[in-house]
Amino acid sequence: MLWLGYTLARAWVCPRTGSRIQPTSRAAPPTLSPFHRRLILVTTAHFDTDIARHIWDTKYRYRDADRVVDENIEATWRRVAEALASVEQKDCGEWAAGFYDLLSGFRFLPGGRILAGAGTGRRVTLFNCFVMGSVEDSLDGIFDGLKEGAVTMQQGGGVGYDFSTLRPLGAPARAVGVVASGPVSFMRIWDSMCATLLSTGARRGAMMATLRCDHPDIERFVDAKRDPRELRHFNLSVLVTDEFMDAVAADAGWPLVFPASGLAEPSGTNGTVTRAWPGNEGPVACRVFRTVSARGLWDRIMRASYDYAEPGVLFIDRINRENNLGYAERIHATNPCGEIPLPYYGACNLGSVNLPRFVEQPFTPAARVDLPGIREAVRTAVRLMDNVIDASHFPVEAQARQARRSRRLGLGLTGLADTLIMLGTRYGDAASYRLAADVMRSICHSAYQASTELAREKGPFPEFDRDAYMAAPFVDALPEHIRRAIGSEGIRNSHLTAIAPTGTISLLAGNVSSGIEPVFDFRYTRRVLRLDGSYAEHQLVDYAWRRWQSLYPDKPLPESFVDARELPPEAHLNMQAAIQPYVDNAISKTINVPAAFPFDAFKDVYQRAYELGLKGCTTFRPNPVTGEILSSESSADVTSHCCDIEREAD
């Protein structure tokens with residue numbers, strides 16, 4: 001009884017007060033089903049895949065110089081649990097036990113920065129990613145923004161920037177009489193900075209760059225990565241407005257513009273329009289540089305995505321319209337993989353419920369998801385993630401202020417595809433969308449309920465304005481009992497749900513399927529970075545496939561075993577749409593399309609994403625530009641995309 005002995009034989013020490021406490025029923029094994037107890041006995045004793053041990057050892061195991069501090073994964077969980085419980089004003093020993101119980105057996109997977117940094121005493125952030133401040137259109141402002149990004153990445157955070165504030169190529173400066181080199185040229189400086197940090201041994205960096213669809217350099221931005229040497233450390237996304245989509249539908253002209261206040265004569269002498277431009281309070285007058293075909297620009301964006309998987313598209317008006325804090329902030333960018341749209345200096349605080357650990361009697365007619373168990377896990381996870389805000393170091397003081405003002409969380413799920421397989425449900429069938437929606441609804445509503453209870457105990461987030469918050473579309477659609485609780489108690493966290501790609505932490509948990517993605521393949525090869533900067537190849541076997549083989553080694557795979565290449569794009573879109581109503585941030589989802597997929601059908605994927613009410617769309621079609629990270633045993637032409645393990649902020 002390894003797990004029982006480890007958890008119950010040791011008293012928990014409150015890291016803040018030094019008091020000792022035995023675990024209460026919150027951490028006691030009887031709260032788990034027999035299946036969960038058996039699973040925990042196995043997974044805490046040892047890793048069941050080589051890559052899981054490799055990921056833990058290279059990314060999350062605490063070492064002090066050459067001294068190994070975390071003897072095993074249980075020590076990592078204990079370190080994290082005690083560090084996050086230390087901010088509690090009372091019962092911190094009890095909460096340390098509760099947090100350990102949540103983490104044990106990989107039932108809940110906090111963001112990688114939490115696993116790697118909590119309790120180490122190092123000056124590192126526990127937040128995976130940030131959106132940085134507005135890039136001021138001056139040399140001083142640009143390099144101040146570069147410095148903040150470098151400091152943030154050095155301490156473990158990925159970064160997102162909106163470069164729409166920078167003057168277009170060739171525009172003269174008002175003060176110094178020189179012409180601008182444009183956003184893309186300055187993005188190269190960020191790209192070099194990221195490469196330099198990597199050469200110092202920092203973890204692999206992740207950056208997002210966005211640009212408005214009406215910026216005069218939008219075509220240069222869209223085409224930037226046709227050269228396979230360009231901007232390799234960036235993910236790119238175009239900020240697409242509703243007005244632009246209307247112009248595309250009408251085959252109308254589309255003015256490319258820039259704020260007049262940042263330009264010298266005679267830049268942009270083709271009239272003016274009013275736009276709500278980043279870096280400005282409210283709408284401003286913008287000069288028109290030229291007018292292009294809206295449909296032609298859309299086709300150019302689509303062709304770039306078709307040819308080399310970038311840029312992605314963010315439906316920025318929808319993001320702002322549905323933002324719970326739309327009354328207090330404006331969003332122009334996201335974290336590197338797109339699941340957390342953020343205001344300037346906003347941070348993403350990520351964690352995922354590992355769904356396969358909540359499947360009871362898998363591969364039988366009685367298989368089911370333990371929704372009560374998930375709801376109970378979510379209640380503890382919300383508290384754990386809220387504590388991250390108070391326990392974390394922040395590279396830039398403005399990041400700390402922003403995080404504490406909103407106390408945003410991004411709680412989601414991972415392992416959906418493996419869960420469907422274990423339940424005998426095929427990804428892409430109507431039943432799969434219903435089940436995914438049911439699970440995400442449970443996570444969302446449990447998280448909001450837990451956050452109202454935290455507000456009663458600790459107070460609501462400082463930017464909380466009861467009437468304005470409750471008028472937000474997402475909050476307005478919550479069940480009435482949750483709305484009553486928000487009206488009475490307030491709420492601790494402005495946002496609570498997001499779907500992250502989870503590539504790295506899903507490998508840690510035994511190679512469960514990532515986020516809401518379908519299984520890539522059931523057996524494949526993955527290149528993974530070693531501590532010394534070299535790569536190792538690992539043969540990976542999917543978690544559900546491995547479970548099936550252990551139970552039924554001589555039986556053929558049932559129809560529920562479907563991989564990404566067997567699914568039409570509509571299945572991806574429908575899955576994303578099924579859970580979007582329960583995600584107040586956003587969803588990181590890559591829609592896989594085959595190399596031979598027709599271009600016109602490819603364009604329809606993005607149009608359909610807009611019609612379904614999604615906040616963004618990213619596709620991946622095998623191409624010669626992006627290089628290879630994954631290789632399937634049955635197909636060797638699958639290459640990397642913007643959310644793979646090497647470019648996500650783990």
Suppose we keep only residues that are in a loop (DSSP other than H, G, I, E, B) and among the charged types (D, E, K, R) within the range 424-463. Which one would you say is surrounded by the fewest Cβ atoms within 10 Å (Cβ to Cβ)? ASP429
Tell me, yes or no, whether the range 474-482 has at least one residue that is in contact with a strand residue (DSSP E or B) (Cβ under 9 Å, 6 or more places away or on another chain) and either assigned to a helix (DSSP H, G or I) or crowded, with 17+ Cβ neighbours inside 10 Å (or both). no
Take ARG123 and tell me if it is surrounded by fewer than 24 Cβ atoms within 10 Å (Cβ to Cβ) and of a type in the set (Lys, Arg). yes
Assigned by TED's automatic domain parsing to the domain that holds ASN354 and without any contact (Cβ under 8 Å) to a residue 60 or more places away in the chain: is that true of HIS481 in this structure? yes
For the range 212-237, pairs from a residue that is on the phi > 0 side of the Ramachandran plot to a residue that is in a strand (DSSP E or B), with Cβ under 8 Å and 6 or more apart or across chains, are LEU231/ALA209
Among residues of the range 81-95 being acidic (Asp, Glu) and part of a helix (DSSP H, G or I), the residue farthest from ALA264 (Cα to Cα) is GLU94
Residue in the range 154-165 that is under 30 Å from ARG220 (Cβ atoms), surrounded by 24 or more Cβ atoms within 10 Å (Cβ to Cβ) and free of Cβ contacts under 8 Å to residues at least 60 places away in the same chain present: yes
Just checking, which of LEU325, LEU384 is within 30 Å of ASP144 (Cβ to Cβ) and hydrophobic (A, V, I, L, M, F, W, C)? LEU325
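Of everything in the range 243-278, what is part of a loop (DSSP other than H, G, I, E, B), surrounded by fewer than 20 Cβ atoms within 10 Å (Cβ to Cβ) and not β-branched (Val, Ile, Thr)? Give them in sequence order.
Start the filter on the range 243-278 by keeping residues that are part of a loop (DSSP other than H, G, I, E, B), which leaves 251-252, 263-271, 276-278.
With surrounded by fewer than 20 Cβ atoms within 10 Å (Cβ to Cβ) added as a condition, the list becomes 251-252, 264-266, 269-271, 276.
Hits for the range 243-278 are ASP251, ALA252, ALA264, GLU265, PRO266, ASN270, GLY271, ALA276.
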Against the condition outside the structural domain of LEU325 (by TED's automatic domain parsing), in contact (Cβ under 8 Å) with a residue 24 or more places away in the chain and surrounded by fewer than 21 Cβ atoms within 10 Å (Cβ to Cβ), how does ARG466 come out, does it pass? yes
Pick from GLY160, GLY205: which is modelled with pLDDT of 95 or more, closer than 26 Å to THR58 by Cα and small (Gly, Ala, Ser)? GLY160
Hits in the range 535-583 - residues which are under 13 Å from ALA436 (Cα atoms) and touching a Gly at 6+ places or on another chain (Cβ under 8 Å): ALA571, ASN574, MET575, ALA577, GLN580, VAL583
Sole residue being more than 25 Å from ASP214 (Cα to Cα), surrounded by 19 or more Cβ atoms within 10 Å (Cβ to Cβ) and either in contact with a Phe, Trp or Tyr (Cβ under 6 Å, 6 or more places away or on another chain) or not assigned by TED's automatic domain parsing to the domain that holds ARG408 (or both), chosen from GLY149, GLY117: GLY149
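Quick one: count up the residues across the range 339-375 that are of a type in the set (Lys, Arg) and out of contact with any strand residue (DSSP E or B) (no Cβ under 7 Å at 6 or more places or on another chain).
Step one: filter the range 339-375 for residues of a type in the set (Lys, Arg), giving 357, 368, 375.
When the remaining residues are screened for being out of contact with any strand residue (DSSP E or B) (no Cβ under 7 Å at 6 or more places or on another chain), the result is 357, 375.
Of the residues in that region, 2 qualify.
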Quick one: which residue in LEU102, LEU109 is assigned by TED's automatic domain parsing to the domain that holds ASP370, touching a strand residue (DSSP E or B) at 6+ places or on another chain (Cβ under 6 Å) and under 23 Å from ASN235 (Cβ atoms)? LEU109
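The values are calculated or read from the model by the stated rules, or taken from the named source; none is laboratory data. From a predicted model like this one, the values you see are computed outputs, not experimental measurements. Using ideal geometry, Cβ is built from the backbone for each residue, glycine included, and neighbour counts are taken over all protein chains shown.
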